[in-house]
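Have a look at the structure below, then the notes.
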Amino acid sequence: MRTFRMRRRYAWGLLVAGLLWTTFPLYWMLVTSLKPVADMFMPLPSLWPSRVTLANYVDLLANTGFVTFVRNSLAVGLVAMVFSVMISTLAAYSITRLPLPGRQGGGVSGVEVALWDLAGKAYGVPVYQLLGGKFRDGVRLYCDTDAHGKGDGRAMGQALKARLAKGFTFLKMDLGASLLFDVEGALSAPLGFLDQFKAAWRTAETRQASPQPQSAERRREEEVLHIPHPFAGLQLTEKGLDWLEGYVAEVRSVIGPEVPLAIDHLGHLNVESLIRLGRRLEKYHLAWLEDPVPWQYTDQYARLSRAVAIPICTGEDIYLKENFRPLLERGGVSVIHPDVLTAGGMLETKKIADMAAEYGVPVALHMAESPVGCLAAAHVAVAIENFLALEFHAADVAWWSDLAAGLPEPFIRDGFIYPPDRPGLGIDDLNDEVLREHLHPGIPGLWEPTDGWNETWAHDRLWS
Amino acid sequence: MGEGGVTLSPSALHRGPSQRPVDLITGLLMVAPLLVVIVGVMGAPLLQAVSLSLTDKRIGLPGTFVGWGNYGRLVHDPLFWLAVRNSFLYAFGAVALKLLAGFGLALVLNEELPWRGLWRAIILIPWAVPELVAALTWRWMYSDTNGIINALLLRAGLIEFPVPWLGSPQTALAAVVLINVWKGVPFFTFSLLGGLQVIDAELYEAAAIDGAGWASQVRHIVLPALAPVMVIASLLSTIWTFNDFTTIFVTTGGGPAYATTTVPILTYEKAFWNLELGYAVATSLAAAPVFIGLIVLATRLFAGRER
């Protein structure tokens, strides 16, 4: 398919003009060389020679040293060419060896999604079709609910009940050590560490809303938050366990026993504390415990999965299929949780899901993205067999689905998303006006260059 | 690598401080041939020219050192400034036209037209025509007594009397610019055609999917992709055109009334008519800052793109 094509009329017009301009002096040279000398100096010459003669050529060959001149020209030209090619080759080689800085591409996954969208639009089919077709029409969402401002199980239960009223059919809440920061005697840690940790936690929380760019100094202050869970030395006391169990019991009493409820953000606990907590929570049949320890500790996952009768889940920080394999091989997870925009894109996520299917492990998809990323995840979700639910963070953000133009209306129907049967992902464009209204106060411009990010420190751990 | 060079022993692979002199010597040996060529072919003559420009050397007489005297004279020489003006008009006028025409022809020759190979070959011919032949041919065509251009215009009724294209101060510079353009368009055409051919067809497909027509594909894909080629071709061509001596010397010799006298023509006049070699070399070297500026500009542009 050739899509860059000039109108034939213009192409031919330009070509003819170029050929006339180029060839006319050549033509005139030829015509003049074929004229008798007398005719050359006639005023008002005509375009066509009136008399044609080869006398000039005969004269050239017979009465001048033309052959010698040609030989001289060739000799000079060839020698100069040989030397300049030799020297230029050496110079060119050394120039190409100059160090040219390259940039390793982050955003591989984002580019991959964009390419699927283009491929779909080029072939006129939805992306799920290119991934092999649909197992289902609707994508079940599971709705996130953070613990902020929900100091007891009743408050959390009410928040979750509001989600159910909106039609969501699958829920997740945060439940972790941070809930116990102000509960006397609920946590055990090296003395003094907890205060340091709490202080960093609170500054981080307040700063999350502040517009200042991240700095090296800020990163140092928050360093304590980046200690991998098992290294923090934090343990739950019996009182802590009682408190958390009571919290979950209260939540269940409000939302009832039927709706699946997953748990996330457990905090900096070691495996032993997690096993003790897990055993207490078994009777509440939680959907899963998410990211209890960094995903790299495969054996700790295997231990946890064997010790506790709650599905263990991780994956939102894992890039590429091969990094999911050890967790599945060792039986470390009962639910796998990749993010399309972290795992390496849509096809990679599909491959991860297919691999998990061989181990009998279902897929929940992590997602905290714009409608574009959400649709990418949704197209994968309908195209995989072992799909459980797709995460949804923006239930409280009224303008979220306005970020992209051309989405089905309403985008979310009774807790499900339906990938549109339109070419590509099914969006027309981004909605720059809505984007502009909701910019980060520290980054006032839309589509600004990202060079400044090279100097920025970000809260980007390799695990959750 | 023979004796005295570097052999790959384990100790040579070890990058200790004691190994550095060896690396340096090897490195110097590697660049030595190029260095000899550059110093011998470019450095030495340049140095000699600079030292000559600081003397009052006349052809046939020994020169004495006069410091910056020649350059001081230049600053107050209205002819020099006229030549600088003409050089700029000649170079930039010709390069602008060559770039425009070259780009247009490159786009056309990139199209899938029948007989494309033949058209490409024909368009390339002026590049192979020696400058001297091109200039003589055009002088012949421009002639006001028996030139074909005047003959055609008279027959078409566009002019009443033959125009002395090369003999009138109003038209001479434009006339020599056109000769240079005729000779130089193929360079731009083929540089840009090469640039066009390496543009990934997928970019056009992607743009077409997003609804881009021919004009916006040119604007958003072709022009940005060709920008580096355009810059380097224009830079090289500016330098060549600035230094072009043959075209003007053969057609007008710098006249009439200095209307086409550029820096190289003025240099020739001072050196071989006035025999003031020192002053002539100074004239020619005075234009060097222009070239240095152009080269610095272009390398900056490239460094900016590669970073």
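The values are calculated or read from the model by the stated rules, or taken from the named source; none is laboratory data. Quantities reported herein were computed from a predicted structural model and do not represent experimental measurements. For neighbour counting, all protein chains shown are included, and Cβ atoms are generated from backbone atoms with ideal geometry for every residue, glycine included. Please note that ligands, DNA and RNA were not included when accessible areas were found on the heavy atoms of the full protein model with its side chains. Shrake-Rupley method; radii C 1.70, N 1.55, O 1.52, S 1.80 Å.
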Close pairs from the range A:38-49: first farther than 21 Å from A:LEU26 by Cβ and among the hydrophobic types (A, V, I, L, M, F, W, C), partner outside any loop (DSSP other than H, G, I, E, B) and at pLDDT 80 or above, Cβ under 7 Å, at least 6 apart: A:LEU44/B:ALA151; A:LEU44/B:LEU154
Among (1) out of contact with any helix residue (DSSP H, G or I) (no Cβ under 9 Å at 6 or more places or on another chain); (2) in a loop (DSSP other than H, G, I, E, B); (3) surrounded by 20 or more Cβ atoms within 10 Å (Cβ to Cβ) - the single one A:GLU448 does not satisfy: (3)
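Conditions (1) without any contact (Cβ under 8 Å) to a residue 60 or more places away in the chain; (2) in a helix (DSSP H, G or I); (3) charged (D, E, K, R); (4) out of contact with any Cys (no Cβ under 7 Å at 6 or more places or on another chain), marked per residue:
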site	(1), (2), (3), (4)
A:LEU341	no, yes, no, yes
A:GLU348	no, yes, yes, yes
A:LYS351	yes, yes, yes, yes
A:ALA364	no, no, no, no
A:ALA389	no, no, no, yes
A:ASP396	yes, no, yes, yes
A:LEU407	yes, no, no, yes
Within the range B:107-201, helices (runs of 4 or more DSSP H) holding 1 or more residues that are within 22 Å of B:TYR258 (Cα to Cα) and under 22 Å from the mean Cα position of the chain (by Cα): B:131-142, B:172-197
Residue match in the range B:145-156 (condition: within 21 Å of A:LEU19 (Cβ to Cβ), crowded, with 21+ Cβ neighbours inside 10 Å, at pLDDT 90 or above and within 12 Å of chain A (Cβ to nearest Cβ)): no
Meets criteria (assigned to a loop (DSSP other than H, G, I, E, B) and farther than 20 Å from B:VAL95 by Cβ) for B:ALA271: no
Hey, A:GLY426 touching a His at 6+ places or on another chain (Cβ under 9 Å) and small (Gly, Ala, Ser) or not: yes
Among the residues listed as A:THR32, A:THR23, the single one being in a helix (DSSP H, G or I), within 7 Å of chain B (Cβ to nearest Cβ) and within 15 Å of A:ALA55 (Cβ to Cβ): A:THR32
Near pairs, Cβ below 6 angstrom, 6+ apart or cross-chain, from the range B:151-169 (touching a residue at least 24 places away in the same chain (Cβ under 8 Å)) to any residue that is among the aliphatic types (A, V, I, L, M) and buried (at least 16 other Cβ atoms within 10 Å of the Cβ): B:LEU166/B:ALA172; B:LEU166/B:ALA175; B:PRO169/B:ALA259
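Please verify whether the range B:183-206 includes one or more residues that are over 23 Å from A:LEU19 (Cα atoms) and basic (Lys, Arg). Let's see the steps before the verdict.
The first filter runs over the range B:183-206 and keeps only residues over 23 Å from A:LEU19 (Cα atoms), leaving B:198-206.
Now drop any that are not basic (Lys, Arg), which leaves none.
No, the range B:183-206 has no match at all.
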Those residues of the range A:316-333 which are outside any helix (DSSP H, G or I) and either acidic (Asp, Glu) or buried (at least 18 other Cβ atoms within 10 Å of the Cβ) (or both), in sequence order: A:GLU316, A:ASP317, A:ILE318, A:PHE324, A:GLY332, A:VAL333
Selected residue (only one of B:THR247, B:THR252, B:THR299 is within 14 Å of chain A (Cβ to nearest Cβ) and under 18 Å from B:GLY93 (Cβ atoms)): B:THR247
Number of positions in the range B:244-259 that are in contact with a Pro (Cβ under 9 Å, 6 or more places away or on another chain) and assigned to a loop (DSSP other than H, G, I, E, B): 7
The lone exception for B:ALA128 - which of (1) open to solvent by less than 60 Å² (accessible area, probe 1.4 Å); (2) more than 10 Å from chain A (Cβ to nearest Cβ) it fails: (1)
Top-ranked residue of the range A:1-52 - restricted to ones that are among the hydrophobic types (A, V, I, L, M, F, W, C), open to solvent by 70 Å² or more (accessible area, probe 1.4 Å) and within 30 Å of B:ALA207 (Cα to Cα), ranked as modelled with the lowest pLDDT: A:MET1
Test: residue in the range A:354-366 that is crowded, with 24+ Cβ neighbours inside 10 Å, over 30 Å from A:ILE417 (Cβ atoms) and out of contact with any Lys or Arg (no Cβ under 7 Å at 6 or more places or on another chain): no
Residues being of a type in the set (S, T, N, Q) and in contact (Cβ under 8 Å) with a residue 40 or more places away in the chain - total across the range A:315-331: 0
Single condition B:TRP214 does not satisfy, out of (1) aromatic (Phe, Trp, Tyr); (2) in contact (Cβ under 8 Å) with a residue 24 or more places away in the chain; (3) closer than 30 Å to A:ASP428 by Cβ: (2)
Residue in the range B:84-102 that is within 17 Å of the chain's Cα centre (by Cα), aromatic (Phe, Trp, Tyr) and within 11 Å of another protein chain (Cβ to nearest Cβ) present: no
Those residues of the range A:417-439 which are open to solvent by 40 Å² or more (accessible area, probe 1.4 Å) and closer than 15 Å to A:GLY167 by Cβ, in sequence order: A:TYR418
Residue match in the range B:176-190 (condition: at pLDDT 85 or above, open to solvent by 40 Å² or more (accessible area, probe 1.4 Å) and farther than 26 Å from B:ARG85 by Cα): yes
Filter pass, B:ALA94 being open to solvent by less than 10 Å² (accessible area, probe 1.4 Å), under 30 Å from B:SER234 (Cβ atoms), at pLDDT 85 or above and assigned to a helix (DSSP H, G or I): yes
Filter pass, A:LEU347 being open to solvent by 50 Å² or more (accessible area, probe 1.4 Å) and within 30 Å of A:LEU425 (Cβ to Cβ): yes
Selection status of B:ASP77, assigned by TED's automatic domain parsing to the domain that holds B:THR189 and surrounded by 11 or more Cβ atoms within 10 Å (Cβ to Cβ): yes
Those residues of the range B:191-218 which are more than 12 Å from every other protein chain (Cβ to nearest Cβ) and either of a type in the set (D, E, K, R) or open to solvent by 40 Å² or more (accessible area, probe 1.4 Å) (or both), in sequence order: B:VAL198
Odd one out for B:GLY104, checked against (1) at negative phi; (2) outside the structural domain of B:GLY254 (by TED's automatic domain parsing); (3) among the small types (Gly, Ala, Ser): (2)
Matching residues, the range A:261-288, being within 20 Å of A:PRO362 (Cα to Cα) and hydrophobic (A, V, I, L, M, F, W, C): A:LEU261, A:ALA262, A:ILE263, A:LEU286, A:ALA287, A:TRP288
For A:VAL254: the one exception among (1) crowded, with 19+ Cβ neighbours inside 10 Å; (2) in contact (Cβ under 8 Å) with a residue 60 or more places away in the chain; (3) closer than 28 Å to A:LEU160 by Cα: (1)
